[in-house]
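For reference, the structure is listed below as structure tokens.
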Amino acid sequence: MSEKRIRVLIAKPGLDGHDKGAKVIVHALKEAGMEVLYTGLHKTIDEIVGTALEEDVDVIGLSVYSGAHLPLSKKLMEQLKEKKVSDKLVLVGGNIPLGDVKVLKEYGVAEVFPVGAKLDGIIEFIKRRVGGHNERI
Amino acid sequence: MKESNKPEEIKEIRLESGIKVKPVYGPDDIRDLNYEKDIGQPGEYPFTRGIHPLMYRKRPWTMRQYSGFGTARETNERFKWLLGQGQTALNVAFDLPTQLGLDSDDPFAEEEVGRVGMAIDSLKDLEEAFADIPLDKISTSLTINPVASVMLAMYLVVAEKQGIPWEEVRGTTQNDILKEYIGRGTWIFPVEPSIRLIGDIVEFCSKNVPKFNPFSVCGYHIRESGATPVQEMAYAFEIAIAYIQEVLNRGLNIDDFAGRIAFNFDIYGNLWEQVAKFRAGRRLWAKIIKERFGAKNPRSMTLRMIAGGGGGGLTIQQPENNIVRGAYYALISALSGTQTMALCSYDEAYTIPSKKAALISLRTMQILADEMGLRDTVDPLAGSYYIEWLTEEMEKKIVECMKKVEEMGGMIRAVESGYIQGEVSRQAYNQEKKIQSGETTKIGVNKYVMEEEKAEVEIHQFNPKVAEQQKKKLVEIKNQRNESEVKDALSGLKKAAQTDDNVMPHILKGVKSYATLGEITRVFKDVFGEFKEPTGL
């Protein structure tokens, strides 16, 4: 029996160039045994959704530091809905004020990990929400 | 109870750069140092103690807070207010679309217009940004990189319109594309044509705008992306060497432009390590320019820098603590002999600074300059056993780190292959793990943590209406300008971009005809293409 590894797409939407956080997460999730794809900078939401579907990832992690996390996340969730994609766990990280966490969750984001979030906590959350469904023979 | 003094029972201390620190230093640790040769008087080679003989005794450091948001008009008001509060120069923040050469009506600019800086679409905007600010008296740093050529052209035309000759214009375009590929991320074109544009700007400035610094190499953003202080200096120097090589290949002499090279460095972390980093950096840079590039003019050998308190050291938790951190960073900067200082404000872990936060940063620097005696004597830490020893050690480490880059064929190759990006992100990950495990202490984050705290700082609020205002203005400009002039300028620019002609005269022509930033950038995109990012992961 082999366990399918959890596949994660870490994405940088829009013009924001702060990628330190995104890259740290890539390192951490890889070390935790996940397969991690990183989009690189300056991606449109269209491109991110396209890659997520093509690569059949389990998790999409958006990283935003410019302050544009609300409109970008909203757009992502709308596109997923339009395409009738409901099996992706969407996470948002970056420079996110506490007050915006609730709004992001209302959009359908599963969890928000602002700057300083514990890496172990992120790993554990993904494993808990995705891990169980992925055991395949 | 008797305290133990046995060395094996004392916890080992290692700096971020990997250097082991002893509990006590003495004369033996600097036995081999020769004052004349290795340290030198301030203002004399190898400039370890500072690039001017009298340093702050003659003039305090320049105070230049990074500012700009929303429209050019709003930013102009903030500029004038800061200058009124005793700030001595300007440091301009542009929004992301501007930094990436997109007009405010570009679909990809959506949600970002005026957000992290001011929006500039055409000369009209920049005219408004500098209205009533005399460009021969105030020096301006333009924080812009892949489209630095366009912003420089606009700035020169604004000066011209104020009746100021280009010879009198002082300032800096950040114009450091290699560090954008490593951190910060506002790149557009592939590496080779981007370096060519930098060469065009240096060549143009050395002939026409002699008091302008055509590029400022930013170790700052490399460190903010996770690099150690040693990597920060080593990579910055290798970047500068890549640009120098490009300019020398055009037949210029090192002394024609090296005196106008500027650097931008970061301050956070261990106080002594930072001070030693700058002293070592000054000495090493002087040696590189003199010995490797054969400069004759001492000015060419001086490491001129803006050294500011970095956002990387600030925390979202207990944000008022960042005011204290900023004050320490300013102290380090002054003890390190910087030319210009800027501080990240206490609210910058959240967003761009509020008016109040910007003022506190400015006052922090002023208190240091006027109350604390930091201007009394040059390089007061010189001669300290520890500082001189550490300066030596840092220099050795920086040299080692530079060697690795040179073995790969230099900075351009090391960035194109993603090597540097990989090194920096691995370092960022290691550092984050150390903070999360508590090995590296961060007050409020992993020590003296306060539960259930709510951040209650008042932060800058983004105005989403700016985009509409900019779009309207673009329509007006396009209606008013002479279209055939614009077309002429852009086709001339295209030809220059396709050949070896310097693009600056053509950009100037375009800017004057009110061609937009987006239109000019589009020409470059058509000719040069766009950068394919190696993430180094």
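All of the numbers you see were taken from the coordinates with simple rules; none came from a lab. Treat the numbers as computed from the prediction; the structure is a model and nothing was measured. Glycine also receives a Cβ, built like all others from the backbone with ideal geometry; neighbour counts cover every protein chain displayed.
Things worth noting here:
- Where labels lie 7 Å past Cα in the beta-carbon direction, separation of B:Glu476 and B:Glu400 in nm: 6.0
- Helix B:355-371 vs. chain B, principal-axis angle (Cα, 0 to 90°, nearest 10): 50
- Ranked by how many other beta carbons lie within 10 Å on average, peptides B:486-497, B:159-170 from highest: B:486-497, B:159-170
- Scalar couplings 3J(HN,Hα) for segment B:64-80, obtained by applying the Karplus form with A = 6.51, B = -1.76, C = 1.60 to θ = phi - 60°, are 9, 6, 5, 8, x, 6, x, 8, 4, 4, 4, 5, 4, 5, 5, 4, 5 Hz; x denotes Gly and Pro.
- Degrees separating the helix B:321-335 axis from the principal Cα axis of chain B, which is the longest one: 80
- Lysines with Cα under 22 Å of B:Lys397, excluding same-chain neighbours fewer than 8 positions away: B:Lys20, B:Lys22, B:Lys37, B:Lys179, B:Lys277, B:Lys287, B:Lys290, B:Lys434
- Taking a ≥ b ≥ c as the square roots of the eigenvalues of the Cα gyration tensor, an a/c ratio of 1.5 or more together with a/b no larger than b/c marks segment B:2-87 as oblate.
- Near B:Met55, once Lys and Arg are set to +1 and Asp and Glu to -1 for all other residues with Cβ below 9 Å from its Cβ, the sum equals +4.
- Take each residue of peptide A:10-18, count the partner chain Cβ atoms within 10 Å of its Cβ, and average: the result is 6.
- A straight Cα-to-Cα reach below 24 Å connects A:Lys74 with the lysines A:Lys12, A:Lys20, A:Lys23, A:Lys43, A:Lys83, A:Lys84, A:Lys88, A:Lys102, A:Lys105, B:Lys465, B:Lys471, residues fewer than 8 places away in its own chain not being considered.
- Interchain or long-range residues, amide H under 5 Å from A:Lys43's placed H: A:Lys12, A:Gly14
- For chain B, calculated [θ]222 nm from helices alone, where every DSSP H run of n ≥ 4 adds -39500 (n - 2.57): -14000 deg cm²/dmol
- When you count the other C-beta atoms within 10 angstrom of each residue and take the mean per peptide, B:233-239, B:478-484, B:293-299 line up highest first as B:233-239, B:293-299, B:478-484.
- Nonlocal amide H pairs with B:Ala93, under 5 Å, H built at 1.01 Å: B:Ser67, B:Gly68, B:Met118
- Computed helical MRE - 222 nm, chain A, DSSP H runs ≥ 4 contributing -39500 (n - 2.57), nearest 500: -13000 deg cm²/dmol
- Packing-based order for B:58-70, B:114-126, A:107-119, using average beta carbon neighbours within 10 Å, highest first: B:114-126, B:58-70, A:107-119
- Each other residue within a Cβ distance under 14 Å of B:Met154 adds +1 if Lys or Arg and -1 if Asp or Glu, for a net charge of -3.
- Remark: the Cα gyration tensor places segment A:2-132 in the rounded category, a/c being less than 1.5.
- Ranked B:Cys401, B:Cys218, criterion: other C-beta atoms within 10 Å, fewest first: B:Cys401, B:Cys218
- With both residues required to sit in the protein assembly as shown, DSSP beta bridges show an antiparallel share near 10%.
- Chain A: angle of helix A:69-82 to the longest principal axis, Cα-based, in degrees nearest 10: 50
- For a straight C-alpha distance cut-off of 18 angstrom, the aspartates and glutamates reachable from A:Lys118 (same-chain residues fewer than eight places away being disregarded) are A:Asp19, A:Glu31, B:Glu432, B:Glu439, B:Glu451, B:Glu452, B:Glu453.
- Taken residue by residue and averaged, Cβ atoms of other chains lying within 10 Å of the Cβ of A:19-30 number 6.
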